[in-house]
Each structure stands twice: as C-alpha cells, then as structure tokens.
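Where a number appears in this text, it was derived from the coordinates with a stated rule and is not lab data. If you're wondering where the values come from, they're calculated on a predicted model, not measured in any experiment. With ideal geometry, Cβ positions are generated from the backbone for all residues, glycine too; neighbour counts draw on all protein chains shown.
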Amino acid sequence: MRMLKILTVFAFVVVTLMVFRHGMKPSPARYNPATEVEIKGVVQEVRQFWCPINGDEGTHLMLKTDHGILEVHVAPVRFLQGNGMTFNRGDQVDVVGSMVLYQDHDAVIARKITRGAETFAFRQPNGRPLWVEFPRAYVR
C-alpha cells in the first residue's frame with residue numbers, strides 16, 4: 001500500500017513537471033459566427049500545411065487586402081481536391097469567414113469564397129465544416 005502511494009505521488013510530480021516545462025498549449029482558433037467578416041482581396045500565395053484549426057493538412061491563402069496581407073484558412077487539402085477546387089496566385093476573391101487570432105496575428109477561417117461567378121462553400125453558417133458532413137460536392 002505504501003509503495004502504491006509513493007508511485008502515485010511520483011507519477012503526479014512527473015506529469016506536473018512535464019506540463020510546466022512544455023507549457024499548456026492554447027486550443028486552436030474556432031469558427032465564431034459573431035466575428036464573421038467579408039473581405040475582398042487578391043491571392044498572393046497558396047500554402048498547404050498541417051493546420052491545428054482543422055486538424056488536417058489544410059489549404060491556406062495569403063490574401064492581399066486594402067489593409068495588408070491576411071492569412072485565410074480554407075479547408076483540408078483532401079476536401080478541395082475531392083471537389084475539384086483550386087486557388088491560384090492572382091485570383092480575385094471575396095471571402096466570408098470568422099476573424100480569429102492565430103499564432104499572434106489576425107487570420108480568417110473561411111466559410112465561403114467567391115471567385116467570379118463561382119462560390120465555394122466550406123462551412124455551414126454556424127461554422128460546422130462541410131467536409132465532416134458532405135465530403136464531396138459542395139460548390140454553388
């Protein structure tokens with residue numbers, strides 16, 4: 001019984017030290033309909049990397065706006081590829097999405113993006129990702 005108490009205390013101390021040493025990681029930004037904005041701009045760069053916001057390899061647009069460069073979190077690469085969606089440097093787009101703070105800078109989590117006559121939807125109005133409910137075909 002005494003040995004069990006010692007091991008329990010030891011495990012608690014080790015876990016506590018690990019948390020303090022590495023710090024608690026902030027939770028990723030979430031879509032919030034209350035912070036929804038509409039932003040127009042020109043795509044300067046398309047980036048694909050693992051993103052904690054969607055928990056997958058995501059597509060991100062670096063969008064040149066009247067106020068500078070803004071990062072737009074679009075959707076997982078697999079969702080865009082599965083629906084034949086692509087974005088390119090120079091695309092003029094209108095983004096509707098939730099303004100968030102991501103890695104200490106402003107960013108937008110896209111709900112829909114309009115390019116010319118095409119509108120691509122990525123989330124429901126409440127922010128729920130379409131790739132969870134409708135993994136294929138959600139282009140209007």
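How far is it, in nm, from the label point at residue 117 to the one at residue 88 when both lie 7 Å from their Cα along the line to the Cβ?
Label at residue 117, label at residue 88, 1.8 nm between them.
Evaluate the relative contact order of the range 33-133 (contact order divided by residue number), counting alpha-carbon pairs under 8 angstrom at least 6 apart; express in whole percent. Before the final figure, lay out each step's value.
Details: 212 pairs, mean separation 26.7, N = 101.
Contact order relative to length: 26 percent.
What is the spin-label model distance, in nm, from residue 101 to residue 47 if the labels are put 7 Å beyond Cα along the C-beta direction?
1.9 nm
Can you pull out the trypsin sites (Lys or Arg not before Pro) in the range 42-106 whose DSSP state is coil and whose Cβ has at most 13 other Cβ atoms within 10 Å? Show your work: numbers first, answer last.
On the way: sites: 47, 64, 78, 89; in loops: 89.
Qualifying residues, ordered by number: 89.
List the pair-distance distribution P(r) of the range 33-133, using every Cα-Cα distance, as the percent of pairs falling in each 10 Å bin from 0 up to the bin containing the longest distance, rounded to whole percents.
16, 56, 27, 1
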